[in-house]
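Below is one structure; the comments refer to it alone.
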Amino acid sequence: MIRITERYKKIRRSFAYVLCMVLAAICFSGCTGPFTPQLVSQQPAAPEQDTGFILYGTYDYDSTDTAVLVDKNTEEGTLTFLNRTNNRRYTLAYDGTTGFYDRYNSLISLSQINVGDILNIRFVKTKRHLTLASLCPDAWIKPSTDQYVFDNVKKEVTIGSDIYKLAEDCFCYSGKEELLYQELNSVDVLTFHGIDSTVYSINVDKGHGYLRLSGHEYFVGGWIEIGTKFIWKVTDDMLLTVPEGTYNVAVSADGTMVDRSVTIKRGLETVLDLSDVVPEVPKEGLVLFSLTPSDATLYIDGEKADTSQAISLTYGLHQLMCSCDGYVTLTRYLSVGEENAGISITLEKEKTETQTDVSGNSSDVSGNGTSSGNTTDVSGNSSGPNVTTVSYYRVYINAPAGAECYIDGNYVGVVPCYFKKEEGTHVVTLSSPGCNTRSYTISVDNALSDMSFSFTDLEPKTP
């Protein structure tokens, strides 16, 4: 019985061994045997199509430039540049492969690059594709300053104590509007961009608008004070250039004073209507002046004043001028609003060296103009006693024809017109119904000849 069992076990092991060998042979032949794929379609494969897409890197370029960014179009994915040498403009496309860097070669986003910036760029000219743009490390920036003076004759600008040349096609930008640099006003707050001694772009951080008075007949000859910095004498017809912002405006004449809040918007004209003002009984205050040196002479509103006793002055603004031989003449404004007040005026001694006024212009204390105390005769009429002939040169405004012309805020006439030539910087403001008001800063030389200016047509107001 035992022998049969052992024999059975041997037979079973032999059968299992044979079965494993057979299965292995089947598997081996299945893995190594030929494979014939099924034919899905008899049509030939379509040829590859050129999509036109090329993946650029920051090192793929065939052209470079140092240029001013003059437009960012994020909707179309394009940037427009102004070449500094030939003053030509060109537009390049950008995408996710374009690299943007600051002046220290650190990666930044396009939102950190602004119109007016000077950039070093690399691009593929044949495809008009921008591969790299970085803020130029050689460029300088004078941010948000009002300490500048333009010289339109020499095409220069003094910023602080430094003098810079204006590039031939200097790019000026205000909001979304491109300007001529002559349209900038001395009240604007500007950011300058340049390389070495040349300014290539100017951004307007805070611009200007215009204030027109209406119904102000009672206040003609009085004063208008805008904020604490701007003062003008009120004339029959005036259009004032004022920095954008909200101001307290005080208008006064013959003891009547009115205060209004006015908001000036960039490039727009605001009207201040004073027709509802009812003149008050003039109020007066007593002002006692103390002058140093004691023998100085004081003029109030152009009239010599007796400072040995308190002086009665109507409420409102008054112009003071104090002078004395050997001292610098002082001109300032006094606002009277109390019954009694004391004012001390101390003059500074003149420098030892002799100073000559080469402008040939005499001083006028009538108070027209700004708080500097200097005045400009824009009527075209000669002044002074015993003058029987016209003996002055003129500045002509020839275009745009039909526009109202204001010089330093005072009405001159309808273009073409002229005003008396006075050396220095003047603001020409042009206005016409249904059009946007524009102002230009001009420089008038001291040459013994007339000058002429023509400006572009005023643009119609948008609905």
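The values are calculated or read from the model by the stated rules, or taken from the named source; none is laboratory data. Only a predicted model underlies this, so the values are computations on that prediction, with no experimental measurement involved. Please note: Cβ atoms are built from the backbone with ideal geometry, for glycine as well, and neighbour counts cover all protein chains shown.
Considering the conditions (1) at pLDDT 95 or above; (2) surrounded by 16 or more Cβ atoms within 10 Å (Cβ to Cβ), Gln182 is excluded by exactly one of them, (1).
Restricting to segment 326-340, what's the tally of residues that are without any contact (Cβ under 8 Å) to a residue 40 or more places away in the chain and polar (S, T, N, Q)? Going through segment 326-340 one residue at a time, the tally reaches 1. Here are the criteria: (1) under 37 Å from the mean Cα position of the chain (by Cα); (2) touching a residue at least 60 places away in the same chain (Cβ under 8 Å). Tell me which single one Tyr299 does not satisfy. Of the numbered conditions (1) under 37 Å from the mean Cα position of the chain (by Cα); (2) touching a residue at least 60 places away in the same chain (Cβ under 8 Å), the odd one out for Tyr299 is (1). Selection within segment 62-75: residues that are farther than 22 Å from Asp138 by Cα and over 24 Å from the mean Cα position of the chain (by Cα). The member of this set that is surrounded by the most Cβ atoms within 10 Å (Cβ to Cβ) is Asp62.
Does Ile163 count as more than 21 Å from Thr66 (Cβ to Cβ), in contact with a strand residue (DSSP E or B) (Cβ under 8 Å, 6 or more places away or on another chain) and in a strand (DSSP E or B)? In short, yes. Scanning segment 163-179 for residues that are modelled with pLDDT of 95 or more and more than 17 Å from the chain's Cα centre (by Cα) gives Ile163, Tyr164, Lys165.
When Ser439, Ser443, Ser359, Ser371 are checked against the criterion of being at pLDDT below 90, in contact with a Ser or Thr (Cβ under 9 Å, 6 or more places away or on another chain) and either in a strand (DSSP E or B) or loosely packed, with under 14 Cβ neighbours inside 10 Å (or both), a single residue qualifies: Ser443. Of the residues making up segment 146-171, those that are among the polar types (S, T, N, Q) and surrounded by 13 or more Cβ atoms within 10 Å (Cβ to Cβ) number 2.
For segment 389-424, a tally of residues being part of a strand (DSSP E or B) and polar (S, T, N, Q) returns 2.
Considering segment 76-156, the qualifying strands (runs of 3 or more DSSP E), each wholly inside and each with 2 or more residues that are under 30 Å from Glu423 (Cβ atoms) and either in the same structural domain as His426 (by TED's automatic domain parsing) or within 25 Å of the chain's Cα centre (by Cα) (or both), run over 139-145, 148-151. Taking segment 262-273 as the search range and keeping residues that are at pLDDT 95 or above and crowded, with 18+ Cβ neighbours inside 10 Å, which one is farthest from Thr314 (Cα to Cα)? Checked segment 262-273; the qualifying residue farthest from Thr314 (Cα to Cα) is Ile264. If you filter segment 420-436 down to residues that are among the β-branched types (Val, Ile, Thr) and either surrounded by fewer than 14 Cβ atoms within 10 Å (Cβ to Cβ) or modelled with pLDDT of 90 or more (or both), you find that the one that is farthest from Tyr406 (Cα to Cα) is Val427. Of everything in segment 216-261 that's under 16 Å from Tyr411 (Cα atoms) and without any contact (Cβ under 8 Å) to a residue 24 or more places away in the chain, which residue is surrounded by the most Cβ atoms within 10 Å (Cβ to Cβ)? It comes out as Val234. When Asp102 is tested against (1) free of Cβ contacts under 8 Å to residues at least 40 places away in the same chain; (2) surrounded by 20 or more Cβ atoms within 10 Å (Cβ to Cβ), only condition (2) is not met. Filtering Thr145, Thr191, Thr91 for residues that are under 30 Å from Met451 (Cβ atoms) and at pLDDT 95 or above leaves a single hit, Thr145.
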